[in-house]
Amino acid sequence: MLPLTPCQKVPVRVVQSDETYQCSLEESLLKGMLKLGRKGIPVGCVSGGCGVCKVRIIEGSVRALGPVSRAHVSQEEEAQGYTLACRVAPLEAVVLEVSPLLRKPFCRPPCQTPGTCPPADGGPAPTTPATAGQPQVTAPPVIESQDRAALALS
């Protein structure tokens, strides 16, 4: 097998979405995904400061592009394969999973109590005997800039 060159790309697979994308050996796992418009790994600051892109490397190997904050990845987690996708580049094909604490739901969990779950379209939750007769909470009205000027004059 020939050695890989920096401009070569290797496959990276995100377990939860079963999506695979090609990532250059010189770019972070996160930037490789973003360049292709993919959304399998949660995105935050893209520089290691927020910890949102925490993943566990299941197969393959990576190299550090910079330090990983212990506030986001402990030594114990690092020993288990956890890292920040924005701070590592692949050395070979990689299979990763998004950290269970940070991953977005890939599918909606089943409702535990029928009749109390919000509709899939994001509308208001149905009224139940426990909430019947209680006032519905609504967002305050948005005040446009011309309305603010009129309020300030009155």
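The values are calculated or read from the model by the stated rules, or taken from the named source; none is laboratory data. Quick caveat, the model's predicted, so the values are computed rather than measured. Every residue, glycine as well, gets a Cβ built from its backbone with ideal geometry; the counts of neighbours run over all protein chains shown. When the accessible area is computed, the model is the full protein with side chains, heavy atoms only, and any ligands, DNA or RNA have been set aside. Shrake-Rupley method; radii C 1.70, N 1.55, O 1.52, S 1.80 Å.
Charge tally for Leu25 (other residues, Cβ to Cβ under 13 Å; Lys, Arg +1; Asp, Glu -1): 0. Dipole of segment 9-98 computed with +1 at Lys/Arg Cβ and -1 at Asp/Glu Cβ about the Cα centre; of Ile58, Gln16, Val43, farthest Cα towards the positive end is Val43. Each residue was assigned an accessible area with a 1.4 Å probe, and for Tyr21 the value is about 10 Å². Summarising the amide proton neighbourhood of Lys9: residues at separation of 5 or more, or on other chains, whose placed amide H is nearer than 5 Å comprise an empty set.
For segment 1-68, carbon and sulfur atoms together expose 55% of the accessible surface, with a 1.4 angstrom probe and every protein chain in place.
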